[in-house]
Amino acid sequence: MKIAILGTGAGARCHATALAGLGHDVTVGTRDPGATLARTEPDMMGTPPFAGFLADHPGLALATFADAAAAGEVVVNGIDGANAVAALTALPGPALAGKTLIDYAVPYVYQQEGDAEHPWPTPWGVMPRLATLDTDSLAEQIQRALPATKVVKAFVTQEQQTVVAPNTVGSGDHTMFVAGDHPDAKETATALLRAYGWRDILDLGSLHAARGMEMYAHFHMAVNLALGGRPFGVKIVR
Ligand SMILES: NC(=O)c1ccc[n+]([C@@H]2O[C@H](COP(=O)([O-])OP(=O)(O)OC[C@H]3O[C@@H](n4cnc5c(N)ncnc54)[C@H](OP(=O)(O)O)[C@@H]3O)[C@@H](O)[C@H]2O)c1
């Protein structure tokens with residue numbers, strides 16, 4: 001299948017590598033391929049420049065967000081959450097119309113020390129705040145902005161290294177979630193997850209559930225810090 005991964009961050013690289021390994025035809029999307037390939041410094045999370053990654057994965061293609069989305073039958077959104085709606089709605093309509101868009105972005109707004117009334121210090125800076133919560137979610141914003149696209153929220157409750165290799169944690173005995181308003185799109189996302197090795201995939205129903213999935217990011221971070229960054233999963237015991 002032709003799959004577009006919109007994003008060049010650490011998470012996007014996990015999916016690009018894993019999906020290419022599964023035999024898919026993967027195009028990675030970025031704002032400006034020339035600028036992305038010209039970067040020589042790691043990003044704020046320490047992810048090395050994309051050019052080296054691409055050199056190590058010659059089977060992957062790099063294109064603009066628009067060209068990558070147009071090339072994909074299925075599209076994965078790994079664009080920085082605060083900028084995702086603007087970036088996706090700027091794409092030409094046909095690039096996403098009728099397609100499944102699997103969104104794993106968190107609507108984080110990164111803050112500087114002193115920005116937040118009650119800052120949460122972490123080893124890498126101040127914990128970001130969520131731009132969207134309680135009565136809305138990033139995934140619902142994307143769905144409203146792109147009514148012809150079938151948005152599925154998935155992958156978001158886990159480090160993407162674990163999303164693409166669930167068996168590396170607890171022998172794979174943990175739970176992944178999907179939510180969305182289009183059953184066929186959720187089936188597409190579920191099939192990808194099964195190919196990654198997920199055995200316990202819980203359908204949370206409509207896209208409203210994305211609110212909880214995105215807000216879970218704060219709890220995920222609390223557990224991540226408590227475990228010193230060690231990968232973990234969550235298991236819904238029922
Ligand atoms: N990494 C994980 O394990 C993980 C887990 C759960 C959720 N998430 C969430 O998934 C999303 C992506 O995470 P990530 O780690 O893969 O990458 P990221 O570093 O958060 O995002 C990088 C991508 O966002 C794009 N971007 C940044 N600013 C932009 C702007 N102003 N306009 C348009 N695009 C912009 C970048 O474009 P360029 O390519 O042009 O630089 C790049 O492709 C985030 O919301 C993150 O919180 C990540």
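Things worth noting here:
- Heavy-atom accessible area, probed at 1.4 angstrom with all protein chains present, ranks L204, L193, L62 as L204, L62, L193, highest first.
- Probe 1.4 Å, all protein chains present, accessible-area order of S137, S206, S171, largest first: S171, S206, S137
- Whole-angstrom gap from the stretch 140-187 to the stretch 1-51, using each part's C-alpha centre: 19
- Extension gain, V126 back to A86 (0.36 nm per residue minus Cα-Cα distance, nm): 11.9 nm
- Only protein heavy atoms count here; under a 1.4 Å probe, H57 has an accessible surface of about 60 Å².
- Estimated FRET transfer efficiency (A226, K2; beta-carbon r; R0 30 Å; 0.05): 0.15
- Debye, to nearest 20: dipole size of the chain, +1 on Lys, Arg Cβ, -1 on Asp, Glu Cβ: 440
- For the stretch 114-238, size of Cβ-based charge dipole, Lys and Arg +1, Asp and Glu -1, in debye: 300
- Oblate is the label for the stretch 39-115, because the ratio a/c of its alpha-carbon gyration tensor axes (a ≥ b ≥ c) is 1.5 or higher and a/b is not greater than b/c.
- Of the residues P231, N77, F53, the one whose Cα sits farthest towards the positive end of the charge dipole of the chain is P231 (charges of +1 on Lys and Arg Cβ, -1 on Asp and Glu Cβ, taken about the Cα centre).
- Within the stretch 174-190, backbone nitrogen closer than 16 Å to the virtual label 7 Å beyond the Cα of N167 toward Cβ: 174
- Value of Rg/Rh across the chain [Cα atoms, Kirkwood radius]: 0.94
- Computed over the chain, relative contact order equals 17 percent, with contacts defined as Cα pairs under 8 Å that lie 6+ residues apart.
The values are calculated or read from the model by the stated rules, or taken from the named source; none is laboratory data. Since the structure is predicted, the reported quantities are computational estimates derived from the model, not experimental observations. Don't worry about glycine lacking a Cβ; one is built from the backbone with ideal geometry, like all the others, and counts go over all protein chains shown. These accessible areas exclude ligands, DNA and RNA; they are computed on the full protein's heavy atoms, side chains included. Shrake-Rupley method; radii C 1.70, N 1.55, O 1.52, S 1.80 Å.
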